[in-house]
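Structure first, commentary second.
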């Protein structure tokens, strides 16, 4: 490489590091948030209104997925974390449940069988960016960027 070629080579290196760092940081933040959301699903069932849902079967927790990061411009990347079960939204926001194929809803509580024409499910938000989660995501992103820079510098 000649001295005249060095500036262009350094710009290419910087662009590669910038994009790799953005992708790795977005992935790290999404994975950190996903893990925190899944960890929050504990406690007694049913969980108190306003608290994350309890983990009974684990289906809702397993459905919370972090999408792989993708570039959204020079040095910018995006990712998302979302649940993929049909009842995830009503757990998050709450709402009213009505029977679709029957006249009444039916469920068991312990040894008792219950029936109702309508049930109100209180909100149990779990996909929420709290201050603690924000700090965990930030720390994960900083660590990811530091790894990319160290690798680029050969260390």
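Give me the strands (runs of 3 or more DSSP E) completely within the stretch 1-107, filtered to those with at least 3 residues that are out of contact with any helix residue (DSSP H, G or I) (no Cβ under 6 Å at 6 or more places or on another chain), ordered by residue number. Walk me through it before giving the result.
Numbers: elements: 70-73, 76-78, 95-97.
Hits in the stretch 1-107: 70-73, 95-97.
Would you mind stating whether residue 113 is part of a loop (DSSP other than H, G, I, E, B), without any contact (Cβ under 8 Å) to a residue 12 or more places away in the chain and farther than 18 Å from residue 28 by Cβ? Outline the logic, then answer.
Numbers: part of a loop (DSSP other than H, G, I, E, B): no; without any contact (Cβ under 8 Å) to a residue 12 or more places away in the chain: yes; farther than 18 Å from residue 28 by Cβ: yes.
Here the answer is no, as residue 113 does not meet what is asked.
For the list (1) under 17 Å from residue 37 (Cα atoms); (2) at pLDDT below 95, I need the number of the one condition that residue 82 fails.
(2)
Return a yes/no flag: does the stretch 124-145 have any residue that is touching a strand residue (DSSP E or B) at 6+ places or on another chain (Cβ under 8 Å) and modelled with pLDDT of 95 or more. Give the steps one after another, and end with the answer.
Within the stretch 124-145, the subset touching a strand residue (DSSP E or B) at 6+ places or on another chain (Cβ under 8 Å) is 127.
Imposing the further condition that a residue be modelled with pLDDT of 95 or more reduces the set to 127.
Yes, the conditions are met somewhere in the stretch 124-145.
Kindly evaluate residue 26 against the criterion of being crowded, with 18+ Cβ neighbours inside 10 Å and closer than 22 Å to residue 135 by Cα.
On the way: crowded, with 18+ Cβ neighbours inside 10 Å: yes; closer than 22 Å to residue 135 by Cα: yes.
Here the answer is yes, as residue 26 does meet what is asked.
Checking the conditions here, which among 30, 22, 66 is touching a residue at least 24 places away in the same chain (Cβ under 8 Å), within 19 Å of the chain's Cα centre (by Cα) and over 29 Å from residue 92 (Cα atoms)?
Residue meeting the stated conditions: 22.
For the stretch 69-92, what are the residues that are touching a residue at least 12 places away in the same chain (Cβ under 8 Å) and farther than 22 Å from residue 23 by Cα?
84, 85, 87, 88, 90, 91, 92
Failed condition for residue 46, given (1) at pLDDT 95 or above; (2) out of contact with any strand residue (DSSP E or B) (no Cβ under 7 Å at 6 or more places or on another chain); (3) surrounded by 13 or more Cβ atoms within 10 Å (Cβ to Cβ), with all others met?
The number of the failed condition is (1).
The values are calculated or read from the model by the stated rules, or taken from the named source; none is laboratory data. All figures in this text were calculated on a predicted structure; none of them were measured in a lab. All Cβ positions, even for glycine, are placed from backbone atoms using ideal geometry, and neighbour counts span all protein chains on display.
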